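Inspection log for the structure reproduced underneath, given as structure tokens.
Bear in mind that the values in this text are calculations on the coordinates, not laboratory data. Because the structure is predicted, anything quoted here is derived from the model rather than measured. Heads up, the Cβs are rebuilt from the backbone with ideal geometry, glycines too, and the neighbour counts pull from every protein chain shown.
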Amino acid sequence: MGLRENPIDMKLEVVIIPVADVDRARDFYQGIGWRLDVTPPFVVQLTPPGSWCSVQFGATLTTAAPGSASNYLVVGDIVATRDALVAAGVEVSDFSHLGAEGPTPGLDPERRSYFSRAKFSDPDGNQWLLQEITTRLPGRVDPGVTSFSSEHDLADAMRRASVAHGEHEKRTGKADPDWPVWYSRYMVAEQSGSTLPT
């Protein structure tokens with residue numbers, strides 16, 4: 001039986017980015033709230049808040065040209081994220097979204113998952129694309145291991161569940177005394193891309 005039929009669990013742990021000045025890069029990423037991890041002396045590793053994957057850089061880690069990396073950062077609220085980065089002194093692009101003809105200025109009018117974007121770069125020019133995702137496509141997250149890694153993401157998920165639950169109670173015409181169970185089902189389904197409860 002091959003790996004397609006019997007896949008082995010693998011998780012992306014680290015992405016290496018090329019930088020010219022290790023200290024400057026470390027200070028930049030710490031300045032936007034990324035955690036400095038404990039590593040061997042020749043490696044600098046930082047982890048974005050809420051991320052299971054980290055970034056590494058160092059003088060001998062890669063021969064790629066500084067500034068040549070391009071990666072995605074998933075956020076639950078792209079407006080709040082952009083505001084926080086700008087407040088920290090980072091130059092962030094205006095919002096754009098995926099339209100019928102390609103990239104279109106402004107936020108997605110319906111704030112659909114995967115559509116709204118913005119970009120920023122580190123001091124070397126490595127590019128980070130912010131992508132707003134609140135509901136995952138089916139199969140992107142295992143519903144057995146869903147989690148919320150920050151208070152902000154959990155609070156946002158609870159707000160969306162609250163709105164959806166209000167619609168649920170309107171449809172049924174009665175108050176739902178077991179709302180915590182409904183909320184939890186909704187939040188896990190939303191994060192994993194499963195069918196949402198109605």
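Odds and ends about this structure:
- Relative contact order of the range 7-142, pairs being alpha-carbon contacts under 8 Å that are 6 or more residues apart, as %: 24
- Sorting the segments 94-107, 25-38, 3-16, 66-79 by their residues' average number of neighbouring beta-carbon atoms within 10 angstrom, most packed first, yields 66-79, 25-38, 94-107, 3-16.
- Residues of the range 50-83 falling in the label zone of Asp94, defined by backbone nitrogen less than 19 Å from a point 7 Å along Cα to beta-carbon, are 78-83.
- Using bins of 5 Å that start at zero, the share of Cα-Cα pairs per bin across the range 14-132 amounts to 2, 11, 21, 23, 18, 12, 8, 4, 1, 0, in whole %.
- Simple spin-label estimate for Ser162 and Val15 in nanometres, 7 Å along Cα-Cβ: 3.3
- Adding -39500 (n - 2.57) for every DSSP H run of four residues or longer, then dividing by how many residues the chain holds, sets the calculated 222 nm ellipticity at -9000 deg cm²/dmol.
- Expressed to the nearest 5 percent, the antiparallel share of DSSP beta bridges inside the chain is 65 percent.
- For Lys119, the residues whose modelled amide H falls within less than 5 Å of its own, excluding neighbours fewer than 5 places apart on the same chain, are Ser93, Leu130.
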